[in-house]
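Structure first, commentary second.
The values are calculated or read from the model by the stated rules, or taken from the named source; none is laboratory data. Treat the numbers as computed from the prediction; the structure is a model and nothing was measured. Positions of Cβ are backbone-derived with ideal geometry, glycine not excepted, and every protein chain shown enters the neighbour counts. When the accessible area is computed, the model is the full protein with side chains, heavy atoms only, and any ligands, DNA or RNA have been set aside. Shrake-Rupley method; radii C 1.70, N 1.55, O 1.52, S 1.80 Å.
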Amino acid sequence: VKRIFPLPQRPDWNRLDKIIGGDDMPAALPYPVDHSSDLKGDRCPGWQLRSAIKQNLLVIVPDEDADLSQVEHFRAALALSGGRLAVGEDPFELLEEHAKASTPEGAAAAGGGPASEPLLPDEGAASPTTASTATPEGARRSALIARFARVLAGLEDLCFGAGAGRTPSSSSTSPSFASDQAKRSPMGVQLNAKGDRFLVRRLSRSVKVSGMSMPSAHAQSRDWFELFYDDLFSPPKPFILVMQWMVCSSVHLVNFRLKFTRICEDNGFRVLRLPIASLFPQPAPPEVWSTEKETNFDRLAFHSPRLLRLPGSLSPEARGELNARLLEAWLRPPLGLFCLLCSSRVDFKVEVMPDQAVSEKVQNHQVFQRLRGWVLSHREGHFLVALREEHIMYYENRLYYAEARDPAIWEQRSQLLCSLWSSFTEVTRPIVSAAVAAAASASAGGGRSSYREASDVRREASEK
C-alpha cells in the first residue's frame, strides 16, 4: 500500500489559520521510512501547503572522522547479506535485526535456536555501562553519546529555557515508544550506547520565539517554528533535524541556527546544512510530466545533478554486488561519505485529481516523491550522492557558496567542489566499468558472468 498525494489539493482554510496562529504544524517531509505494516495514514500531510512551507535541513555529525565512519558497520551488514545489497536495502536495518537475534529473547522468538554471534565490538553488551567499559570502542562511543547529550540539553535550553519544554509529540503509538520515555534524554531523544538500535521515528516540538533564550527573543513575539527530528541517536548514523515554518522573522531563524551551531561546536559536533530542494522537491505541475524524472519536480534549473548511467542488463546477484562495492568504496577514504537516507521501495505517489484537464499520456506517468536507493553525504556536506536503480546522481551542495562573500573565496570553494568531483569519479568509474564489462561478457557468452569475477580479471590485467 502506497501513500498518495492528490495534486493539486488545497488545505482547509480553518486548518491553515490554526497553523499560522501557532497550532502544531504538519510534517512535510517523507522521512523517516515507516517500517510499520500500516501505511494507509498520511504521515506528512504538510505537503499540501507547498511553497508556503519553509524548511532548513540540518544534519549533526561528530567532528572526528573515526566517530562518523560507517565502514565497519557496512562490512558487518555485508557479512549478513552475502556480500550484496538489493537497491535501497538498509544495512543498519540488517544490523538491528541481527542484534535482536543475538539476544536470548530474539532467539526464542525466532524459533528457539541459539542466539546469533555479535558482529560488532559492542553488540550484545549487557548494558550501556558495560559497553562503555568493555572495549576502547565502547568507551569512545560512550564519550561521544555523553557529548551529544550536552548538545540536546543546550538545544532544549535554547528553545524553551531551563525546564520550560513540553513533551515531544510522535507519530508512533506503540507501547515500546511509551515505555522508552523514562530512558530518554532532553528533547525526548533516546541515546543508544549499546550499538544495537538504528531505526528512527520522528519527533516534533513547536518552538515559540517568546520563550527562547537568545538576544532577538522578546515576550511579545508571535513568531514560531516547528522542529522535526530523530527520536534516536545511535552513532555512526547522523542525527537529522528539520526546521519548518510559515511565518517567522529571519532574525530569529538566523540567531537560532548560529547559536545552535556554537553549542554543537563546543561539544565536538558540526552542523551540516543540506539542500532540501534537492532531496525532497515538490512535484511540478502535471502538464510538464514526462519520462524524465528530474523535470517532474520543481528543482532549481541550474542545480541539476551530474549523472552516471549504470548498466541495466545485470543479473540481480551482479547488481547486488555492484551496489555493495560502490557503497563500500564511497564510505572508505579518500571520499569518506556517510549514509544519510535509504529506501527499498518507492512511495508517496503524486496522483492527478480527476477534475484536472490533462492528457491521458500525462496520467500514465508514475511520479513518486520517495525513490528506491541510497543517499550519501560528504562528511562536511559539500556534495550528495544518490545511488538509484538506473543512475548515480551527484549533487553539489550550493549552500556551500552562501557564506562566500568575497570573489576569491567563491573561486576557492568552486575549485574545491571540482576537485571533489574528480576524486569521486576516480573512485566510481573503475567499479562501474567493471560492471559494464561483466554485463557485456555475460551477453556475449550467453550466460551470467559474475561482476566480482569480471572485476578481479580487470584488476589482474591492470597489475600486469
Does at least one position in the range 263-274 carry a residue that is small (Gly, Ala, Ser) and within 26 Å of residue 349 (Cα to Cα)? no
Filter the range 388-403 for residues that are in contact (Cβ under 8 Å) with a residue 24 or more places away in the chain, among the charged types (D, E, K, R) and assigned to a loop (DSSP other than H, G, I, E, B); which is least open to solvent (accessible area, probe 1.4 Å)? 388
Would you call residue 375 within 23 Å of the chain's Cα centre (by Cα), open to solvent by less than 30 Å² (accessible area, probe 1.4 Å) and modelled with pLDDT of 85 or more? yes
Name the pairs: first residue in the range 307-323 and more than 7 Å from residue 435 (Cβ to Cβ) and open to solvent by less than 30 Å² (accessible area, probe 1.4 Å), second residue at pLDDT 90 or above and of a type in the set (Val, Ile, Thr), Cβ to Cβ under 6 Å, at least 6 apart or on different chains? 308/392
Name the residues in the range 404-424 that are open to solvent by 20 Å² or more (accessible area, probe 1.4 Å) and within 26 Å of residue 319 (Cβ to Cβ), would you? 421, 423
Can you tell me which residues in the range 198-241 are open to solvent by 10 Å² or more (accessible area, probe 1.4 Å) and touching a Lys or Arg at 6+ places or on another chain (Cβ under 7 Å)? 214, 224, 228
Among (1) at pLDDT 90 or above; (2) under 30 Å from residue 96 (Cα atoms), residue 250 falls short only on (2)
Return yes when residue 269 is surrounded by 15 or more Cβ atoms within 10 Å (Cβ to Cβ) and either among the β-branched types (Val, Ile, Thr) or within 20 Å of the chain's Cα centre (by Cα) (or both) and no when it is not. yes
